[in-house]
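Engineer: I am attaching a structure below and will ask some questions about it afterwards.
Nothing in this text is a laboratory measurement; each read-out follows from the coordinates by a stated rule. No experiment lies behind these values; they were computed from the predicted model shown. Methodologically, a virtual Cβ is constructed for each residue, glycine included, from the backbone with ideal geometry; neighbour enumeration extends over all protein chains shown.
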Amino acid sequence: MVGVLAIALNGAAALLGGWCWWRVRASTWFWRILRPAQAVVVLQVLLGGILVVIGHKPKGLHVLYGVLPLLVALIAEQLRVSSAHMVLQSRGFESAQEVGKLPAEEQRVVALTIVQREIGVMAAAAVVNVVLLARAAGTA
């Protein structure tokens with residue numbers, strides 16, 4: 001049940017995030033779906049770890065496919081955090097304070113570019129997690 005929920009939430013986050021990235025739109029709903037999806041992945045890994053500790057022997061690559069989504073989420077978060085820095089550097093800014101000196105519309109464009117990159121990174125991670133979680137379910 002937890003695995004199905006993890007696949008469903010990550011799938012929803014991937015679809016909404018992909019749409020938001022494509023349309024260059026910020027969405028609080030994307031983050032409201034993504035964060036619980038990540039929490040369910042953590043729960044799924046914890047429950048799987050408990051099963052292994054109490055003696056349940058999973059088949060083949062099930063453990064690998066079950067743990068990799070957690071690693072993908074952690075790596076994606078690191079990439080998301082560096083998104084702002086990458087966007088600022090690509091536009092020749094040393095810091096966010098320099099962006100604050102721009103006219104309001106230009107500030108909005110820079111901010112939206114950062115948000116788009118963050119959503120793109122996290123939506124791509126959600127897609128990868130759906131595939132990994134589906135493989136985990138298939139090897140169970």
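Engineer: Can you tell me how much longer the chain between Arg108 and Trp29 gets when fully stretched, taken as 0.36 nm per residue apart minus their C-alpha distance, in nm with one decimal?
Structural biologist: 26.5 nm
Engineer: Using only the alpha-carbon atoms, how far is helix 28-53 inclined from the longest principal axis of the chain? Give it as 0 to 90 degrees, nearest 10.
Structural biologist: Helix 28-53 sits at roughly 30 degrees to that axis.
Engineer: Also: I'd like to know which of Trp21, Ala140, Ala104 lies farthest towards the positive end of the charge dipole of the chain, counting +1 on Cβ of Lys and Arg and -1 on Cβ of Asp and Glu.
Structural biologist: Among Trp21, Ala140, Ala104, the one farthest towards the positive end of the dipole of the chain is Ala140.
Engineer: Continuing with the same structure: Mind putting a number on the dipole of the chain about its Cα centre? Charges go on the C-beta only, +1 for Lys and Arg and -1 for Asp and Glu, and I need it in Debye to the nearest 20.
Structural biologist: 380 debye
Engineer: When the helices in the chain are scored as -39500 (n - 2.57) per DSSP H run of 4 or longer and the sum is shared across all residues, what 222 nm value do you end up with, to the nearest 500 deg cm²/dmol?
Structural biologist: Dividing the helical sum by the residues of the chain leaves -29500 deg cm²/dmol.
Engineer: A further question on this structure: Could you check which residue among Leu71, Leu102, Leu61 shows the biggest mean-square fluctuation in a GNM of the chain with a 10 Å Cα cutoff?
Structural biologist: Evaluated over the chain, the most mobile residue of the options is Leu102.
Engineer: For Cα pairs less than 8 Å apart in space and 6+ apart in sequence, what is the mean separation divided by the residue count of the chain, i.e. the relative contact order in percent?
Structural biologist: Relative CO of the chain lands at 44 percent.
Engineer: Quick one: what do you get for the chain if you divide its Cα Rg by 2.2 N^0.38 Å?
Structural biologist: Relative to the 2.2 N^0.38 Å estimate, the chain comes out at 1.25.
Engineer: Tilt of helix 2-23 relative to the longest C-alpha principal axis of the chain, in degrees (0 to 90, nearest 10)?
Structural biologist: 20 degrees
Engineer: Also, quick follow-up: Report the residue, chosen from Arg117, Arg80, Arg32, that carries the largest GNM mean-square fluctuation when the chain is represented by alpha-carbon nodes joined by springs under 10 Å.
Structural biologist: Arg32
Engineer: Specify the residue with the greatest mean-square fluctuation among Ala111, Ala84, Ala96, computed from a Gaussian network of the chain linking alpha-carbon atoms under 10 Å apart.
Structural biologist: Of the options given, Ala96 has the highest mean-square fluctuation.
Engineer: Relative to the longest principal axis of the chain, what angle (0 to 90°, nearest 10) does the C-alpha long axis of helix 62-90 take?
Structural biologist: Relative to the chain, helix 62-90 is tipped by roughly 10 degrees.
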